[in-house]
1. For the stretch B:101-122, give me each residue that is more than 8 Å from every other protein chain (Cβ to nearest Cβ), farther than 24 Å from B:P258 by Cβ and modelled with pLDDT of 90 or more.
2. May I ask you to verify whether A:V324 is out of contact with any Ser or Thr (no Cβ under 8 Å at 6 or more places or on another chain), away from chain B (no Cβ under 14 Å), away from DNA strand C (no atom under 15 Å from the Cβ) and at pLDDT below 95?
3. Across the stretch A:246-304, what is the number of residues that are under 17 Å from A:L122 (Cα atoms) and among the basic types (K, R)?
4. For the stretch B:288-303, enumerate the residues that are surrounded by 13 or more Cβ atoms within 10 Å (Cβ to Cβ) and either in a helix (DSSP H, G or I) or within 13 Å of DNA strand C (Cβ to nearest atom) (or both).
5. Can you go through B:R185, B:R143, B:R167 and tell me which one is touching a residue at least 60 places away in the same chain (Cβ under 8 Å) and of a type in the set (K, R)?
6. Counting only residues that are free of Cβ contacts under 8 Å to residues at least 40 places away in the same chain and within 10 Å of another protein chain (Cβ to nearest Cβ), how many does the stretch A:188-203 have?
7. Where the second residue is part of a loop (DSSP other than H, G, I, E, B) and among the small types (G, A, S) and the first is facing chain A (nearest Cβ under 7 Å) and within 20 Å of B:A246 (Cβ to Cβ) and lies in the stretch B:62-91, which pairs have Cβ atoms under 6 Å and are six or more apart or on separate chains?
8. So which residues in the stretch A:307-318 are modelled with pLDDT of 90 or more and within 8 Å of DNA strand C (Cβ to nearest atom)?
There are 2 protein chains.
Amino acid sequence: MNVNAESTNGQVVIGLNAVIVAIIEEQPKVLVVQHTSETLTAQHETLTERTALPHDNRHEALPFGPFYPLKHRTLEAGLRSWVEEQTDHDIGYVEQLYTFGNEGRDPREEAGGARLVSVGYLALVQDTGPTAIENAVWQDWYRFFPWEDWRDGSPIILESDIIPALRQWIADAENNDEQKDRYERACITFGLDDTPWNDELVLERYELLYEASLVTERQDNLNGEEISDHRGTAMALDHRRILATAIGRLRGKIKYRPVVFELMPPTFTLLQLQKVVEALSGSLLHKQNFRRLIEKKGLVEATGKIESQTGGRPASQFRFRREVLMERQALGVRQN
Amino acid sequence: MNVNAESTNGQVVIGLNAVIVAIIEEQPKVLVVQHTSETLTAQHETLTERTALPHDNRHEALPFGPFYPLKHRTLEAGLRSWVEEQTDHDIGYVEQLYTFGNEGRDPREEAGGARLVSVGYLALVQDTGPTAIENAVWQDWYRFFPWEDWRDGSPIILESDIIPALRQWIADAENNDEQKDRYERACITFGLDDTPWNDELVLERYELLYEASLVTERQDNLNGEEISDHRGTAMALDHRRILATAIGRLRGKIKYRPVVFELMPPTFTLLQLQKVVEALSGSLLHKQNFRRLIEKKGLVEATGKIESQTGGRPASQFRFRREVLMERQALGVRQN
DNA sequence: ACTACTTATACTAATATTGAGCATAATACG
DNA sequence: CGTATTATGCTCAATATTAGTATAAGTAGT
């Protein structure tokens with residue numbers, strides 16, 4: 001090849017995207033910023049430079065911050081820096097998710113701008129009240145993925161809408177091979193025909209829906225109304241995809257690492273802990289077995305105190321044994 | 001904050017690092033390029049622009065390629081593009097590993113250059129003969145991490161050298177808390193005092209050794225001789241760290257996803273498959289149970305043919321059932 | 001105080017998975 | 001033909017998982 005670097009290199013801008021998760025009233029929440037097209041395309045500037053905007057033509061975006069190489073020793077430091085500055089509280093757990101560099105991620109690019117490469121991070125914070133980010137609100141993450149919440153049984157939207165639409169999409173395949181391929185993928189991801197549902201395939205499901213044109217990728221190419229239908233609310237750019245990545249990763253991780261505790265208050269009952277795990281994984285767990293699991297792993301210790309606001313028999317309060325982070329590996333709250 | 005972006009942004013250069021793995025004669029190999037300081041600091045240029053260099057003052061580096069936003073639609077496409085061009089064969093499986101953006105990764109940066117952010121990828125290829133990359137050779141990966149190979153029992157270097165040195169480092173702690181912390185971390189990572197060895201903690205072990213000054217991070221700040229001692233060979237920049245990330249990730253992944261088969265020839269016997277898994281994980285498996293596992297998962301099917309070069313009773317040849325990639329999830333060759 | 005309801009927690013039986021090993025089969029080599 | 005070597009089938013005990021039953025200890029209502 002021997003291409004000249006100068007001529008083909010183009011410009012690259014690096015940004016940091018944060019999926020900031022908290023559990024509020026036993027629901028999984030993600031911090032979302034309300035944007036307009038103008039602020040959005042200028043999103044590599046600092047968030048505080050944004051100005052308040054009229055309520056129409058709005059977008060929901062993940063918080064985004066710049067990476068200043070001269071200021072930040074590491075990517076993670078850059079992320080912590082602006083997130084903590086903006087939200088006014090510590091983010092304990094941070095994990096790098098994925099780096100997104102697809103062409104066309106940012107519409108500005110097409111107008112000759114630089115390619116936006118974003119490093120996505122997952123951050124877990126405790127529910128410590130409102131944040132200071134302008135226009136930022138905690139949104140239930142199932143608002144963007146209503147088919148992912150199985151806590152009240154199989155989501156109605158699946159049976160009544162998505163699965164029929166998927167079957168139509170399978171039937172519409174050009175040829176036999178493609179049809180078989182579509183069917184198999186739909187089986188795995190959406191648990192068609194007795195295939196078991198796998199809670200970790202959040203991104204795979206979203207991408208299948210996108211490919212089948214059953215879901216709207218972006219909010220930004222429409223003007224006016226918010227794009228929200230029974231198949232969930234869209235987000236700016238590829239942010240819904242980043243969120244899907246985060247949810248899937250977190251669902252996987254809690255099974256083998258004790259990361260749930262990053263979302264818990266200092267003391268909690270076992271049922272509270274279970275509710276949080278259920279909120280994240282979107283499915284219900286067997287109570288007695290969950291207890292046994294947690295106790296066997298030695299993840300928690302009783303504080304000796306009692307919580308009486310249970311509505312029934314009072315429950316022991318527990319605290320996370322921080323030591324175990326360093327003790328054994330491969331312990332989490334897997335139960336399937 | 002409201003810092004001016006122009007003044008603090010600095011320059012960022014994006015590169016793509018590949019950990020290209022193959023199994024050659026039942027040993028885990030990684031593609032390594034022999035560099036000099038000069039070519040190294042210019043490594044964001046294309047590899048083919050490098051010139052052959054004298055044999056002293058050499059470095060071992062992971063293959064590195066540039067990312068051209070104008071040419072490559074995605075980061076992965078950019079990686080595939082230059083890797084396939086250079087190695088002359090397809091890389092089937094590619095997985096994004098991690099994005100490294102630490103200050104001081106590249107010594108050139110200190111001289112006012114741009115910050116080098118590298119997206120690391122893991123690529124699995126089949127053993128298909130020599131590559132066309134100049135100066136590139138397949139190296140046994142345990143050359144860089146001799147303490148990771150337990151196939152012949154506990155590595156001598158551990159007992160005779162590393163563990164004593166670690167105990168000394170623990171004893172040298174400033175205060176009691178630090179001592180306890182050092183001890184616990186050493187227990188988990190290096191399996192001190194009956195803690196079980198965890199094969200996935202490759203990066204954690206390397207970082208502990210680095211922190212304890214028991215290992216040389218880089219080759220590039222020395223001139224002359226290759227840095228290689230009983231504690232493994234160093235690599236350029238932070239490449240040994242990237243390799244450690246790759247090994248740990250691969251060891252984890254084979255347990256729940258059928259990725260080993262990317263490294264296998266089209267047909268193989270079960271013992272050959274087992275040897276590959278053992279080579280990757282660095283530990284031995286129980287033969288009969290391994291068979292049972294593989295057969296139960298339905299990962300392979302008999303070709304009907306027989307391999308007679310076994311040295312004993314001939315073995316059935318198998319092939320990977322590619323369909324299972326789409327069939328069930330959560331199947332791999334976990335056996336611990 | 002008694003009843004109904006709610007949640008907490010202990011315990012059990014059936015089943016599945018795993019770890020370790022024994023036994024036998026089929027080849028090569030001398 | 002005997003021995004070494006690898007392949008493959010099978011067993012058995014230990015452990016883990018799933019799906020419960022049973023009982024304890026509170027609250028609220030009457």
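The values are calculated or read from the model by the stated rules, or taken from the named source; none is laboratory data. What you see is a predicted model, and the numbers here were worked out from it, not measured in a lab. So basically every Cβ, Gly included, is an ideal-geometry build from the backbone, and we count neighbours across all protein chains shown.
1. B:S118
2. No, not satisfied.
3. 5
4. Those that are surrounded by 13 or more Cβ atoms within 10 Å (Cβ to Cβ) and either in a helix (DSSP H, G or I) or within 13 Å of DNA strand C (Cβ to nearest atom) (or both): B:F290, B:R291, B:L293, B:I294, B:E295, B:K297, B:G298.
5. Only one candidate qualifies: B:R143.
6. Number satisfying all stated conditions: 5.
7. Taking only residues 6 or more apart or on different chains, the pairs are B:L75/A:G101.
8. A:R313, A:P314, A:A315, A:S316
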